[in-house]
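Below: the structure, in structure tokens.
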Amino acid sequence: MAIVTRWDNKKKTIVLLEFESEWSWEELEEAVQRADSLIGSVGHFVDLIIDLEGTTIPKDVFSAAKTLLASGEARPNEGARVVVGANGAIKTIYQTIHKTFNNAVEGREILFAPNLSDARAIIRGLSLDR
């Protein structure tokens with residue numbers, strides 16, 4: 001499995017998506033469905049950590065983004081999305097997607113963290129404001 005999707009803690013408040021170095025858009029769609037199932041299985045807020053460290057983005061990113069964003073809205077109990085290990089190219093791609101699909105990205109913004117510890121700290125801080 002090129003993308004592992006699992007609970008990050010025993011309280012089931014964070015879902016972790018861990019990307020291997022190579023993955024496909026179909027595998028991402030499956031990982032998103034698994035994350036959605038996990039989030040839907042509990043009644044409280046669930047944040048996501050998306051660990052892209054050491055990965056490369058497959059081709060045709062804008063077509064894939066359009067498909068993913070059109071697949072439905074975030075769950076009501078879906079919290080923050082924090083991406084770990086995003087290089088400059090990935091951040092630029094995100095900014096372009098955000099500008100291009102602004103309405104579809106609304107409410108699905110992404111935060112960035114340099115490592116898993118910082119991502120978890122960001123989520124802890126955000127959960128205090130809920």
Worksheet entry | Sole exception among (1) farther than 16 Å from N115 by Cβ; (2) at pLDDT below 95 for I50, by number | (1)
Practice prompt. Can you give me the number of residues within the stretch 42-62 that are among the hydroxyl-bearing types (S, T, Y) and open to solvent by 60 Å² or more (accessible area, probe 1.4 Å)?
Written response: 1
Item to complete: Test each condition in (1) free of Cβ contacts under 8 Å to residues at least 24 places away in the same chain; (2) touching a helix residue (DSSP H, G or I) at 6+ places or on another chain (Cβ under 8 Å) for L28 and report the one that comes out false.
Response: (1)
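The values are calculated or read from the model by the stated rules, or taken from the named source; none is laboratory data. Keep in mind the model is a prediction, meaning the values are calculated, not measured. Virtual Cβ from ideal backbone geometry, glycine too; neighbours counted across all protein chains shown. Note: accessible area is taken over every heavy atom of the protein model, side chains too, but ligands, DNA and RNA are not part of it. Shrake-Rupley method; radii C 1.70, N 1.55, O 1.52, S 1.80 Å.
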